[in-house]
Amino acid sequence: MDTKDFRRRLHRCPELSFEEHDTAAFIAAELSKAGIENRPIAKTGVLARIEGRRGNPKRCVVLRADIDALPVCEMTGVEWASQNKGVMHACGHDCHAAVLYGVLMRLQADPDFEGTLFGLFQPAEERDPGGASLVLAEKPFEGYDVAAVIGEHVDADLEVGEIGFCPGKFMASADELHFKVKGVGGHAAMRDRIRDAVVAAADLILRLNRLNSDVCVVSIGHVAADGATNVIPETVACDGTMRTFDENLRARVKEMISHIAEEIEYKYDVEIENDIRHGYPCVENDRRLTYEAMLLADSKGFVVKDLGMRTTAEDFGFYTHVYPSLFYRLGVGRASGRAHTATFLPDERALSVGEEFMYQLALNILNR
């Protein structure tokens, strides 16, 4: 099976986070056919291992691809479209897995390299607590000298043949915000008999919005107030996200949010349940790895693009705080559309670009 067929097979049968049972079974079967050692990891993931012919087998490189899909109803119209209604590989994880599969096939066919290569097909990138945290909890690389953990993500802002890099801080941390504002509900015309949770929630949202800056994002995307034109509800729920690029700032913003909630409670005589759920850490690329990868990409004829920090998040950040790591962006062309939408359709020519670069990068690090 070639890389494109592998990708299309995954695309037809997408599965949500922690439900990737058939996906993992298919990947494991294809790896086993090629004689590649593999085992389950993080419930619904697959960890492959190829030992090189030379060097210290305890020195290793980890190549990671995520494999989960999104709750999106596909509208691309391609013949390999999702057969699982309401679920779609709308973020390109099928492409990531296919690239990794292609690299493993090549290394298995000719393992003339130093050390050990791990291929990690990771589940549940799209859902807290994130599959990466579960992978690390199993300590699969204990006893190894991990030279690098490498990951990629498709990018429709880059054309096919372009690869984007950002040394150092790259992607934001991501925490979930959940508030429940409790007041005293009642008739909307009898203001003296209510403690208005709607007004308190509105003020809370406006106060939180003032925390936004170039290095911090606080957004409320869901508000539920089950009232009516003349009914003030007793409870209002507000849910959102918080993003930062620095762990110290992350902690300070959480404290500020808690103080704001306390002030709103006092001002409107309401109670606020403040539940900040710790999510993904920042993605921080190892600078040496990044610059080496940029030089390698340029030497192989790929177009190197300098990228800035992004407020989007990735659970790959867990790896970057444990091992030397690199996360880069693989161009799939602007005609692909926007990720996380029903019509997202990456240009499949990017698969060969992704495979060749990841293959060369793995060898470059292993044989350093």
Practice problem: Take the alpha carbon atoms of segment 133-196, find their center, do the same for segment 211-286, and report the distance between the two centers in whole angstrom. | Solution: 14
Exercise. Run down the lysines and flag those whose C-alpha is under 27 Å from the C-alpha of K33, throwing out any fewer than 8 positions away in its chain.
Key: K4, K43, K58, K139
Quiz item: Dipole magnitude of the chain about its Cα centre, charges +1 at Lys/Arg Cβ and -1 at Asp/Glu Cβ only, in debye to the nearest 20?
Solution: 440
Self-check item: Electrostatic dipole magnitude of segment 164-312 [Cβ: Lys, Arg +1; Asp, Glu -1; Cα centre; debye, to 20]
Solution: 400
Quiz item: Could you give the length gained on full extension between V231 and D2, defined as 0.36 nm per residue of separation minus the Cα-Cα distance, in nm?
Solution: 76.3 nm
Quiz item: What angle do you read, to the nearest 10 degrees and between 0 and 90, between the alpha-carbon axis of helix 93-109 and the longest principal axis of the chain?
Solution: 20
Exercise. Compute the FRET efficiency between H278 and S299 as 1/(1 + (r/R0)^6), taking r as their Cβ-Cβ distance and R0 = 41 Å, and round to the nearest 0.05.
Key: 0.50
Quiz prompt | Extended-chain gain in nm, criterion 0.36 nm per residue less alpha-carbon gap, N248 and K58 | solution = 65.0 nm
Practice problem: For segment 265-321, compute Rh as the Kirkwood radius over C-alpha pairs and then the Stokes-Einstein diffusion coefficient at 20 °C and 1.002 mPa s; write the answer in µm²/s, rounded to an integer. | Solution: 141
Quiz item: Mind listing which GluC sites (Glu not before Pro) in segment 64-116 are in a DSSP loop and have 12 or fewer other Cβ atoms within 10 Å?
Solution: E79
Self-check item: Mean ellipticity per residue at 222 nm, deg cm²/dmol - from DSSP H runs of n ≥ 4 across the chain, formula -39500 (n - 2.57)
Solution: -10000 deg cm²/dmol
Exercise. Would you be so kind as to identify which of F179, T23, L158 lies farthest towards the positive end of the dipole of the chain, taking Lys and Arg as +1 and Asp and Glu as -1 on Cβ and the Cα centre as origin?
Key: L158
Self-check item: Among [x] 73, 69, 51; [y] 80, 44, 36; [z] 72, 69, 45, the entry derived from the coordinates for Cα extents along the principal axes in Å
Solution: [y]
Quiz prompt | GNM result for the chain, Cα springs below 10 Å: residue of M294, M242, M190 fluctuating most strongly | solution = M190
Exercise. In a Gaussian network model over the chain where Cα atoms closer than 10 Å are linked, find which of T235, T44, T244 has the largest mean-square fluctuation.
Key: T235
Quiz item: How large is the charge dipole for segment 104-197, taken about the Cα centre, if only the Cβ atoms of Lys, Arg (+1) and Asp, Glu (-1) carry charge, to the nearest 20 debye?
Solution: 1080
Quiz item: Label-point separation (nm) for Y291 and D239, each offset 7 Å from Cα along Cα-to-Cβ?
Solution: 4.4
Exercise. Calculate how steeply helix 287-299 sits against the longest principal axis of the alpha-carbon atoms of the chain, using the helix alpha-carbon long axis, and give the answer as 0 to 90 degrees to the nearest 10.
Key: 50
Quiz item: What's the FRET efficiency of M190 with S219 using the Cβ-Cβ distance as r and R₀ = 30 Å, to the nearest 0.05?
Solution: 0.35
Exercise. Could you work out the Rg to Rh ratio of segment 17-105, with Rh taken as the Kirkwood radius (inverse of the mean 1/r over all Cα pairs)?
Key: 1.03
Self-check item: Separation of alpha-carbon centers, segment 1-62 and segment 70-86, rounded to whole Å
Solution: 23
Exercise. Round to the nearest 0.05 the FRET efficiency obtained for D306 and R210 when R0 = 35 Å and r is the Cβ-Cβ distance.
Key: 0.65
Quiz item: In the chain, with Lys and Arg counted as +1 and Asp and Glu as -1 at Cβ, which of these residues, Y266, A225, L107, has the Cα nearest the positive end of the dipole, that is, farthest along it?
Solution: L107
Quiz prompt | Principal-axis tilt of helix 349-366 within the chain, Cα atoms, nearest 10 degrees | solution = 70
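Only the coordinates and a few stated rules stand behind these numbers; no lab work does. Computed from a prediction, not measured in an experiment: that's the story for all the values here. Here Cβ is always computed from backbone atoms with ideal geometry, including for glycine, and neighbour counts include all displayed protein chains.
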